[in-house]
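Each value in this text was obtained by applying a stated rule to the coordinates, not by laboratory testing. Everything numeric in this text was worked out from a predicted model, so none of it was measured. All Cβ positions, glycine included, derive from the backbone under ideal geometry; neighbour counts span all protein chains shown.
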């Protein structure tokens, strides 16, 4: 598995979201969910989780999980296969206190197991990585 790009999908009030999302996404203050992903085999894969973040508190997404689809607060769902990092960052982040939904293929899953649906609320809190 080739790691293509590593970037932050979490924001706080004193830091820009990232070089990727910060210059590409429309709008101001963006909330995040508290993960760092790499792109492997065309999919975003969780490589870090920030403690206290929406992902950490929810507990359903783990390091190594593959995000196979993403839906924004309007419900528009997109496959993440082949999605450019900038587009993924713009959908994963957004107005604080809004929902984002992921379909996640868990690392420990084998075969053709259906992905899990995980709904999170974006925040502006910064935390430390675990």
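Each of 79, 53, 116 has some number of other Cβ atoms within 10 Å of its Cβ, and from fewest to most they run 79, 116, 53.
Here the residues 72, 65, 58, 41, ranked from fewest to most Cβ neighbours within 10 Å of their Cβ, fall in the order 41, 58, 72, 65. In percent, rounded to a whole number, the relative contact order of the range 66-108 is 55, using alpha-carbon pairs under 8 Å and six or more apart.
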